[in-house]
Amino acid sequence: MLNEKVICAGFGGQGVMLIGQLISYAGMLEGKEVSWLPSYGPEMRGGTANCSVMVSERTIGSPVITNDATTAIVMNLPSLDKFENDIAAKGNILINSSLIEKKATRSDIVAYYVPANEIAGELGNSRVANMVMLGAYLELTKTVEVDSVMKALNKIFGEGKAHLLDVNRAALEKGAKAIKA
């Protein structure tokens with residue numbers, strides 16, 4: 001029974017809110033129960049940003065995740081330090097190893113290190129590092145389908161940013177490959 005609880009965290013501007021929106025929107029498109037709860041730091045730019053996302057086959061009672069996340073996607077070191085202890089035993093943590101040299105300290109969770117910024121650079125667009133991490137997450141958990149994420153992204157982007165769909169799909173694919181390696 002699907003009951004995924006995800007924390008997406010990083011600096012403002014790294015696209016962590018978009019990761020959460022895409023997971024929840026794709027879940028909605030697939031007829032699943034979803035919630036998305038954003039949280040911003042007090043800074044205008046460069047501050048912390050995170051969101052809690054739930055995708056379930058059952059009704060979601062509360063959007064708050066407290067020490068029982070099934071997965072955390074962390075884009076920077078402060079997020080690793082803050083959220084590592086919020087993951088349930090046997091849960092997963094995806095760490096952007098481009099920006100985080102530190103390793104996960106818990107032995108009861110599974111850590112995956114994804115060089116998201118390097119992969120995004122290879123694709124020629126540094127702004128798709130978040131999509132690389134999302135691709136890794138989707139490959140790992142199969143919470144929602146990549147095609148559903150692309151439909152959601154198309155809807156969010158609209159006509160004005162439709163030219164970015166291909167690089168975003170490529171980033172999802174590269175992220176999926178990185179988790180298999």
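The values are calculated or read from the model by the stated rules, or taken from the named source; none is laboratory data. Please read these numbers as outputs of a predicted model, since none were measured by experiment. With ideal geometry, Cβ positions are generated from the backbone for all residues, glycine too; neighbour counts draw on all protein chains shown.
Side notes on the structure shown:
- Counting only strands (runs of 3 or more DSSP E) that sit wholly inside region 31-121, those with at least 1 residues that are closer than 16 Å to Tyr137 by Cα and among the small types (Gly, Ala, Ser) are 48-56, 69-74, 87-96, 110-114.
- Count - residues of region 72-93 that are under 12 Å from the mean Cα position of the chain (by Cα), over 16 Å from Gly47 (Cα atoms) and touching a residue at least 60 places away in the same chain (Cβ under 8 Å): 2
- If only residues of region 124-164 that are without any contact (Cβ under 8 Å) to a residue 60 or more places away in the chain and closer than 10 Å to Leu22 by Cβ are counted, the one that is surrounded by the most Cβ atoms within 10 Å (Cβ to Cβ) is Leu138.
- Residue in region 32-47 that is closer than 20 Å to Ala171 by Cβ and in contact (Cβ under 8 Å) with a residue 12 or more places away in the chain present: no
- Any hit, region 79-87, residues being in contact with a Ser or Thr (Cβ under 6 Å, 6 or more places away or on another chain) and either under 19 Å from Tyr112 (Cα atoms) or of a type outside the set (A, V, I, L, M, F, W, C) (or both): no
- Filter result for the condition that a residue is within 20 Å of Ile23 (Cβ to Cβ), buried (at least 18 other Cβ atoms within 10 Å of the Cβ) and hydrophobic (A, V, I, L, M, F, W, C), over Val64, Val55, Val167: Val55
- When the residues of region 133-148 are filtered to those that are in a helix (DSSP H, G or I) and aliphatic (A, V, I, L, M), the one that is farthest from the chain's Cα centre (by Cα) is Val146.
- Checking Thr66 against (1) within 12 Å of Ile7 (Cβ to Cβ); (2) in contact with a strand residue (DSSP E or B) (Cβ under 8 Å, 6 or more places away or on another chain); (3) without any contact (Cβ under 8 Å) to a residue 24 or more places away in the chain, the condition it does not meet: (2)
- Of everything in region 52-67 that is under 16 Å from Asn85 (Cβ atoms) and of a type outside the set (Val, Ile, Thr), the residue that is nearest to the chain's Cα centre (by Cα) is Ser52.
- Subset of region 138-181 that is under 11 Å from Ala26 (Cα atoms) and basic (Lys, Arg) - its residue that is modelled with the highest pLDDT: Lys151
- Condition check for Gly31 on (1) surrounded by 14 or more Cβ atoms within 10 Å (Cβ to Cβ); (2) at pLDDT 90 or above; (3) not hydroxyl-bearing (Ser, Thr, Tyr): one failure, at (1).
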